[in-house]
Every structure is written in C-alpha cells, then in structure tokens.
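Worksheet: the structure to be examined is printed underneath.
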Amino acid sequence: MSSAIVVGATGILGREIVKEMGKEPAKWKTVHALSRSQKDSYPSNVVHHHINLLDSAADMAKSLKDVGADYVFFAAYFQQESEEKEWEVNGDMLANFLGALEISGAAGKIKRVVLVTGAKQYGVHLGQVKNPMIETDEWLRDSTWPPNFYYRQQDILKLFCEKHNNASWVVTYPNDVIGFAKGNYMNLASSIGIYAAVSKELGQDLVWPGSETFYTRFDSFTSSDLHARFCLWAASEPKAANQAFNVVNGDVQSWQDLWPRVARRLGMKVKPDQFAGKSDLASTTPLDFPPPITLVAKEIGLEGKIGESETAQRINLARWSQQDAVKQAWNRLAEREGLEKDAFEKATWAFLDFILGRNFDLVISMSKARDMGWTGYQDIWKSFSDAFGELEAANILPKVHWVGEPSGCTCLP
C-alpha cells in the first residue's frame, strides 16, 4: 500500500488525481489533499489539510508536521499579472514547499515527485510552434522570450531529487485542459457552455467567437481524468523516472468538427453563415514576441517564411460579457434554471478569447509515453460532452436532455 500528497487538490487537475486515488483505497492507503480550502467530500482514504503555498518553508512545515508520503503530486498554480511575477511566485511556491518537506523530515521518504506543468513549456502562449511538439524540443531560455516559470520549477525539482537520491521526478505537459472543479472556471467547457447558454437565451444560433483561421486548424486537448490516470501510471512506472512527458488525449481535433457537436449537445445549431460580415465586437491582437518556431526555422528550412502570430476574435468575449443585454439574459436564465449566478462573472472570458483566437496549429506527440508502455486514450469530444454533463449537474449550465449519440443527438425541449 502507498501514500500520497496532492498539492493543489481543488484545481481541475489536482482534484482528478485525488479522485482517482480515492477509488483505490486498497492501493492508496492515505492520500493527503493539500489546498487552501476543502471544496469536495472525500472517501475515507483521503485527508484534507489546509496549506498556504505563499507561506515560507518554515511556516509550511508547521502545516505539514504530520504529513508524509511515498509520492507527491504538485498541481498548484497561482496566476499572476506578468511572466516575471509568475516566475517569481510559482517558482518560490514549489521551492518553499519542497523546503518544508525537508524541514519536516518527510523528504527522506519520498519515492517520486510528479510536477504538473503544461504546453506553455513549448511557448504556445507566444505564437506559432513547431509541430508536432515533442519533449526534446529546445527550451526558450534566452532573452528573446519572457521568463517561463515552468523551466524554473523543473530546475528546482531536479535539484531537490539530486539532493535526496531516494526520490525521482516526473513532469507532465498537458494542453487545453477539459475538466471541472468547483469554484474553478479557468477551463474551456464552462466558459464555452455559458456563452452558448446565453446565446440560446437571446434566441441566437451558436456563432464561433474565435479566429476564423483557427476554426479549421488543429489542436490537442487533455482530459483532466485521463491526466490523473497518467500521473498514477508515471508515479509507479520505473522507466518514467526522471522524465518529462506530453499528456494529451491521443487524438487531434479541429473546431470545424467540435463546434457543431457543441451546438447539438447544448440544444442549438451553428449559424449557417457565421463567418459572413464583421461583428462590432471583432478584435485582432498581434502577439508580442517572435513565434517560437523561429528558434528552429533555419534548421527546418523555413527561414524567412514565418509570419506574425496573432489572436483574433470575431466576437471578443471579454467585451461581449460586459453588454447589458448579455448580463440580463444570464440573470434571467440563472434565476429560471436555478444556476450559480456568479458563474458568469467568474468565467475566464479573456482566457477563452486567447485559446480560440490563435492562428496556428497545436499538435502534441504522445510517442514518448507510448514507447514506455502508456496506453491511455480518450476521445476529445467525449471529454467535452462529459464535462458539460458535470457542469449541468453542478448547476453551472442549464440541463439539456438529449437522445442518441452526443455527436448527432436530437435535443428535446
């Protein structure tokens, strides 16, 4: 039997790791779920502990006085207003947590630490990347690009494991996560679902709000529950020691296929001429840095052929969400359907604008993990449909009753 510590246990990815281990009490004797607050009820093998990850190592050690485990899963993240601040805060957070384990004496028992990061590893937030993205791609470390706190966290973790040679490390790179966590709205499904629900309340068909270019480009997604299963596999797989892995569902998708499915799943249809004309809410924003693909442009024979990366919105959702008619429609809908009223304001509209507004593909390889024996796979559309179901059950989205397959359902009034 094993024990585990999950840091960031209420986030979209951390919550699923806790949930997955909670299903196997015979294997996971004790799971210490660490977060600022408890938002879920837990099975008997899960114990919640309050922790403030912004504390010093000494103060955190007091909170961890009786907490020890064989495995650590670090899935905490604090969003900041700049890349420099993210480097500082999120790097210090991991360094102080690991320092707290040293002070408490728990570090000597740890077998493996799994650090959850993301495809920001490749600079997907900066512009066009080389496709497919593979784990051996060069890091964007020089002054051409802003600091990347994932790099600092990985350096911190490697030094910790070198110091404590009983421990090995694993790093995961998920992308465009599909999932649900109470009180956490930084995910695709909730914001897309709320946008669709309000559009329907206004008597409108579903209109793609992002970039017309990206509508037919490819993206890779990560289901939060598949990521959790991967983390448990990687924690115990000997060959995974001291390795970083892409973690995506295993297929690629484009919104030209997903968007009509979203519409049908939520009881709507796509506006047939959704790209006709120009919305008053349209916007275009060039990205500030050279696209990451320029790092290898000469090597791959594309020197001088790399265009500017940008995000474009046919409907800028950050501005759309501030319209009186939109707010009133949500309030009517929330009141009538018994929904969480504050879900609309907590939705991360600017985040969705960026994700849907890109003008470049994101194709992420799973070959490394597969070569080591990982066989997990999950259909991207199923991940979205399941997440919508969870959001409906949590009264964040109105319940839609449908019959038939989600990919071609007949919605009932």
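We did not get these values from a lab; they are worked out from the coordinates using the rules stated. Quick caveat, the model's predicted, so the values are computed rather than measured. FYI the Cβ positions are ideal-geometry reconstructions off the backbone, even for glycines, and counts take in every protein chain you see.
Some notes on this structure:
- Applied to the stretch 25-36, the Karplus parametrisation 6.51 cos²θ - 1.76 cosθ + 1.60 on θ = phi - 60° returns per-residue 3J(HN,Hα) values of x, 6, 9, 10, 4, 9, 10, 8, 8, 10, 6, 6 Hz, with x for Gly and Pro.
- In order along the stretch 194-201, the Karplus-derived 3J(HN,Hα) couplings, from 6.51 cos²θ - 1.76 cosθ + 1.60 at θ = phi - 60°, round to 5, 4, 5, 4, 5, 4, 5, 4 Hz, and Gly and Pro are given as x.
- Euclidean distance between Cα centres, the stretch 299-322 to the stretch 43-98, Å: 34
- Semi-axis lengths, largest first, of the ellipsoid equivalent to the stretch 56-153 are 30, 16, 10 Å, with √(5λ) applied to each eigenvalue of the Cα gyration tensor.
- Applying the Karplus relation 6.51 cos²θ - 1.76 cosθ + 1.60 with θ = phi - 60° to the stretch 240-247 yields 3J(HN,Hα) values of 7, 4, 6, 9, 10, 9, 5, 9 Hz, where x marks Gly and Pro.
- Using the Cα coordinates of the chain, the gyration tensor eigenvalues translate into equivalent-ellipsoid semi-axes of 35, 27, 20 Å, sorted from longest to shortest.
- Counting every other Cβ atom within 10 Å of each residue's Cβ, Asp379, Asp324 order from fewest to most as Asp324, Asp379.
- In this structure the amide hydrogen of Ile5, modeled in the peptide plane, comes within under 5 Å of the amide hydrogens of His32, Tyr71, Val72, Phe73, none closer than 5 places in sequence on its chain.
- Taking amide hydrogens as placed 1.01 Å from N in the peptide plane, the amide H of Lys130 sits under 5 Å from those of Ile293, each at least 5 positions away in sequence or on another chain.
- When you restrict to C-alpha pairs under 8 Å that are six or more residues apart and normalise by the size of the chain, the relative contact order lands at 19 percent.
- Cα shape, the stretch 233-311, gyration tensor, a/c 1.5 rule: oblate
- Share of pairwise Cα separations in the stretch 294-402, more than 16 Å, in percent: 76
- Amide H within-cut-off set for Trp28, under 5 Å, with H built and near neighbours excluded: Ser2
- Max mean-square fluctuation residue, GNM over the chain, Cα-Cα springs under 10 Å, options Leu302, Leu34, Leu352: Leu302
- Subset of Lys278/Lys399; Lys120/Lys163; Lys27/Lys62; Lys27/Lys109; Lys111/Lys182 violating a 25 Å alpha-carbon distance limit: Lys278/Lys399; Lys120/Lys163; Lys27/Lys62; Lys111/Lys182
- Within the same chain, aspartates and glutamates fewer than 8 places from Lys65 are excluded, and of the rest, those with a Cα less than 17 Å from its Cα are Asp55, Glu102.
- Across the stretch 341-397, Cα-Cα distances exceeding 15 Å account for 72% of all pairs.
- Charge dipole (Cα centre; +1 on Lys/Arg Cβ, -1 on Asp/Glu Cβ; no other charges) of the stretch 88-207 amounts to roughly 400 debye.
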